[in-house]
1. Pairs, please: C-beta under 6 Å, at least 6 apart or cross-chain, first residue crowded, with 17+ Cβ neighbours inside 10 Å and modelled with pLDDT of 95 or more and in the range 247-273, second among the β-branched types (Val, Ile, Thr) and assigned to a loop (DSSP other than H, G, I, E, B)?
2. Which one of Glu73, Glu65 is in contact (Cβ under 8 Å) with a residue 60 or more places away in the chain and of a type in the set (Asp, Glu)?
3. Which of the numbered conditions does Ser138 fail, given that it passes all the others? Conditions: (1) assigned to a helix (DSSP H, G or I); (2) farther than 27 Å from Arg234 by Cβ; (3) touching a residue at least 40 places away in the same chain (Cβ under 8 Å).
4. Of all residues being of a type in the set (S, T, N, Q) and in contact with a Gly (Cβ under 9 Å, 6 or more places away or on another chain) in the range 80-118, which is farthest from Ser148 (Cα to Cα)? Just the residue, please.
5. Read through the list (1) within 19 Å of the chain's Cα centre (by Cα); (2) farther than 16 Å from Pro188 by Cα; (3) surrounded by 18 or more Cβ atoms within 10 Å (Cβ to Cβ), then give the number of the only condition that Phe127 fails.
6. Only residues that are in a loop (DSSP other than H, G, I, E, B), within 14 Å of Asn149 (Cβ to Cβ) and under 19 Å from the mean Cα position of the chain (by Cα): list them for the range 178-198, please.
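The values are calculated or read from the model by the stated rules, or taken from the named source; none is laboratory data. Treat the numbers as computed from the prediction; the structure is a model and nothing was measured. All Cβ positions, glycine included, derive from the backbone under ideal geometry; neighbour counts span all protein chains shown.
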Amino acid sequence: MLPLFHVVFTMDCLPAATSRAPGPRSWELSARAISGFCTALLDANLPVTLFLTPECAEIHGPLLEELAAEHVELGLLIHPQSLHGIKVSKHFGVLSRDVQHRVGTHALQRFMDVVGSRPQSVRPALFSANDESFAVLSSLGFHQSSASNPGRRIAKEGALWVGALPDAHYTSDHDRLNAGDLPLWELPVTSDALQEWRGRAPDLCIDANNVRNWHRPLIEAQLARTARHETPFRTLCFYTRNAFPYEHRQDPARQNLEELISYLGELEERVAIQGATLRAAHGAYRSQAQTSPIM
């Protein structure tokens, strides 16, 4: 039997035309990015998870309604500096527990007011989190997160992930790097922490570099590492931002996406590929743990 990999494609959707967030130049570009990204993946029968700030969700309401009907998961992206109605100038992982809770509560309520439903999945922008963040996110009722980027070390962004677990796990209420007893499930972005350079480990950022020299070696390393360690629940987690015109086939980010889709098809000779939203991946993890304990 071929080893099974759950493949999760995510996009961080930030506000447009603001210096407070690394988002798109315009809302028009944002819409093209989201629509093109989702269409390319859905046409390939690969599900999508969007992490959206409340501001982005508000602007793109009709588009998101259409995508939700196509089973695109709408999760919350917490970027404190761009939140309307609250004044916070620091990244999520730099804030105290009380301020994180206040920011998270505000972002969650604004999201629900705009979208009309409660998100189950969450990601802090720029992978910014500290040792108290998972406890905060769990207390707010989130079921799953994708907050970690193993190997990343950028203190000014509150993204310190050296030594973080590379595989899916339930989180700790006091230690962001290791597993714990919280009901919040974490899926790290796929990275190679052993190659960290200047605070960044190479990861499966779709818009980075090119597939042959960047993504394929990372994926092959993930396949080899999980086989070597006999990892029970194997994943590939990709991410990008709504700052690239994914609707244009000549755009480098779109070309990377199409090459990745093709490459995943090639991999099916060696591994079983199961596309999933973050929520669906968590469900699969739970089901597998019920039949044979994962951790």
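1. Going by the 6 Å Cβ cut-off, the qualifying pairs are Asn256/Ile206; Leu257/Ile206.
2. Details: Glu65 fails: in contact (Cβ under 8 Å) with a residue 60 or more places away in the chain.
Answer to the check: Glu73.
3. (2)
4. Quick first cut of the range 80-118, residues of a type in the set (S, T, N, Q) only: 81-82, 89, 96, 100, 105, 109, 117.
Next, from what is left, pick out any that are in contact with a Gly (Cβ under 9 Å, 6 or more places away or on another chain): 82, 100.
On the way: Ser82: 21, Gln100: 17 Å.
Looking at the filtered set, the residue picked out is Ser82.
5. Every condition holds for Phe127 apart from (2).
6. Leu187, Pro188, Val189, Thr190, Asp192
To keep it simple, each residue is scored yes or no on (1) of a type outside the set (S, T, N, Q); (2) surrounded by fewer than 18 Cβ atoms within 10 Å (Cβ to Cβ); (3) out of contact with any strand residue (DSSP E or B) (no Cβ under 8 Å at 6 or more places or on another chain).
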residue: Ser148; (1), (2), (3): no, no, no
residue: Glu157; (1), (2), (3): yes, no, yes
residue: Asp181; (1), (2), (3): yes, yes, no
residue: Trp185; (1), (2), (3): yes, no, no
residue: Ala193; (1), (2), (3): yes, no, yes
residue: Asn209; (1), (2), (3): no, yes, yes
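Per-residue answers, yes or no, for (1) farther than 29 Å from Glu220 by Cβ; (2) free of Cβ contacts under 8 Å to residues at least 24 places away in the same chain; (3) within 18 Å of the chain's Cα centre (by Cα); (4) surrounded by fewer than 14 Cβ atoms within 10 Å (Cβ to Cβ):
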{"residue": "Leu2", "(1), (2), (3), (4)": "no, no, no, yes"}
{"residue": "Met11", "(1), (2), (3), (4)": "no, no, yes, no"}
{"residue": "Lys90", "(1), (2), (3), (4)": "yes, no, no, no"}
{"residue": "Gly93", "(1), (2), (3), (4)": "yes, no, yes, no"}
